[in-house]
Amino acid sequence: MNGPAESPDDGHERPGGQARIPGPRGAADDLDPRYAPQPPRMPRPLPEPVPVPEPFPESVPVPPPSHAVLKSLLGAWALAACSAEETQAVEDHLTECAPCAEEALRLRDAVGLLHPEETLDLKPLLRSRVLEDCLGKRPARIPVPVWASPYDTETARLDALLQDFGDSEWHTPVRLKWFEEERRRSQRTTVAGVIGHLMTVDGLIANALGLDDPLGPDAPKGGPTARTEHFWNASAYPATRQVREPWREQGHTLVRTVSFAGRGVAELSVDYGSFALPLGDAFLERAFECWVHAWDIAEAVDYPYEPPSGPHLHGMIDLAARLLPGALAQRRRAGLAAPARGLVAAGAPGRTLHLEIEGAGGGGWDIALDSPGAKPSPERTVAEIALDGIEFCQLAAGHISPQDAAVGQHGDREAIRDVLFAAASLSRL
């Protein structure tokens, strides 16, 4: 259909929504700026948004843990399993809450039972292993004799125990114990007094080697007891920590001297007053007494102390077992032991008691009963005794009585009693 004619200059839409279709333009229209082609407009970049800093959150105070929470942490605190913050909170609470403080102490004591206290001293075998390893890589030019090694080790262990002692520890009371006249004896002194006792008795070995006597030219003639009492009474004041240095230096000198002396020196006789020992046995005896008195000191200051290593302990027990026939004969002469039942010639087999020592350093020894010169014979064994190694050493040191020794016994009761009392008689001040 043909619609009505349109007005050429009409710029409006026709009624009915139909757009006007413009007609051809004249040449002049090309210059009309309204109809000039316009370059496309590029969109203007939007400015980047400026970040607005967020406001800092206001600090909110953290409420302290409740009493129930802190009480539940006491077990972890006793085990040292709390964090630093929890530990601080618990310890602050303990200063204010008496019931929790008591509970904390009980828990801490219980933890101590779960984790037994260990000595700070070196283990007896550790020193030997370190030295053995060092000597294996680079042998000593002048080695310490095997029989002097226990003394060297035990004096070093005791010195390690003493090195951190303050003045109060040096004056701690110590009770020395031994067995004499069929009963136990004791003497009260201090830690410094014990070290002085060890130094003066070690002086017997120094005299045998031609070294200076620690008691000087006024040293009394006699055995360990006389020398010790002279040292204790020589000054109006008790011994102090100053005794440690001369005791330690003397021990080093003794070991150094026998190391340079060479072979044969182990047979040199050491006079103890009422008896004598070869130098090798004297060093073993001094090692044994050093360990026993170190044990006394550690007990007095409430500090754990380990026994000697197995090989060294075996040597000490062996010395005591070898001395038993002579001690038994001496008690028999004093009327303190049963008479011999059958005297035999020296070297001939005689009545025998078998001593079995159990534990570290243990072994078996046959003890001649009727004469020190008799030869022990398994075929003529009349009794047997079984003892723990540490307990046997306590018996030989006079720390326990023969009646209190827990022994396995079999055979002649009289022989068993005589040997137990002879072992206790080996002790002295």
Scan the range 217-247 residue by residue and report those that are β-branched (Val, Ile, Thr) and farther than 17 Å from Leu176 by Cα.
Thr240, Val243
Candidate set: the range 136-150, residues that are open to solvent by 80 Å² or more (accessible area, probe 1.4 Å) and assigned to a helix (DSSP H, G or I); chosen: the one farthest from Ala423 (Cα to Cα)
Lys137
Restricting attention to the range 168-188, and to residues there that are of a type outside the set (A, V, I, L, M, F, W, C) and not in a strand (DSSP E or B), which single residue is farthest from Gln330 (Cα to Cα)?
Ser168
Residues of the range 409-429 being open to solvent by less than 40 Å² (accessible area, probe 1.4 Å) and out of contact with any Asp or Glu (no Cβ under 6 Å at 6 or more places or on another chain), in sequence order, are Asp412, Ala415, Ile416, Asp418, Val419, Leu420, Phe421, Ala422, Ala423, Ala424, Ser427, Leu429
Scan of the range 370-429 for residues that are within 19 Å of Arg185 (Cα to Cα), hydrophobic (A, V, I, L, M, F, W, C) and at pLDDT below 90, ordered by number:
Ala405, Leu429
Under 7 Å by Cβ, and 6 or more places apart or on different chains, what pairs join a residue from the range 87-114 that is under 21 Å from Pro64 (Cα atoms) with one that is open to solvent by 100 Å² or more (accessible area, probe 1.4 Å) and modelled with pLDDT of 85 or more?
Cys100/Lys71
Just one of Phe275, Phe288, Phe260 is loosely packed, with under 13 Cβ neighbours inside 10 Å, of a type in the set (Phe, Trp, Tyr) and either under 31 Å from the mean Cα position of the chain (by Cα) or under 19 Å from Leu429 (Cβ atoms) (or both); which is it?
Phe275
Taking the stated definitions as given, is Ala383 surrounded by 19 or more Cβ atoms within 10 Å (Cβ to Cβ), out of contact with any Phe, Trp or Tyr (no Cβ under 7 Å at 6 or more places or on another chain) and free of Cβ contacts under 8 Å to residues at least 40 places away in the same chain?
yes
Of the residues in the range 222-271, those that are free of Cβ contacts under 8 Å to residues at least 40 places away in the same chain, assigned to a loop (DSSP other than H, G, I, E, B) and not polar (S, T, N, Q) number 6
Please verify whether Pro307 is touching a residue at least 60 places away in the same chain (Cβ under 8 Å) and either open to solvent by less than 60 Å² (accessible area, probe 1.4 Å) or on the phi < 0 side of the Ramachandran plot (or both), treating the condition exactly as stated.
yes
If you check Thr153 against the conditions, is it under 27 Å from the mean Cα position of the chain (by Cα) and not in a helix (DSSP H, G or I)?
no
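Yes/no matrix, rows are residues, columns are (1) closer than 26 Å to Arg428 by Cβ; (2) out of contact with any Lys or Arg (no Cβ under 8 Å at 6 or more places or on another chain); (3) part of a loop (DSSP other than H, G, I, E, B):
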position	(1), (2), (3)
His312	yes, yes, no
Met316	yes, yes, no
Gln330	yes, yes, no
Ala337	yes, no, yes
Ala346	no, yes, yes
Ala360	yes, yes, yes
What do you reckon, is Ala84 aliphatic (A, V, I, L, M) and either open to solvent by 60 Å² or more (accessible area, probe 1.4 Å) or touching a Lys or Arg at 6+ places or on another chain (Cβ under 9 Å) (or both)?
yes
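The values are calculated or read from the model by the stated rules, or taken from the named source; none is laboratory data. Source: prediction; values computed, not measured. All Cβ positions, glycine included, derive from the backbone under ideal geometry; neighbour counts span all protein chains shown. Remember, those area values only see protein heavy atoms, side chains included, never the ligands or the DNA or RNA. Shrake-Rupley method; radii C 1.70, N 1.55, O 1.52, S 1.80 Å.
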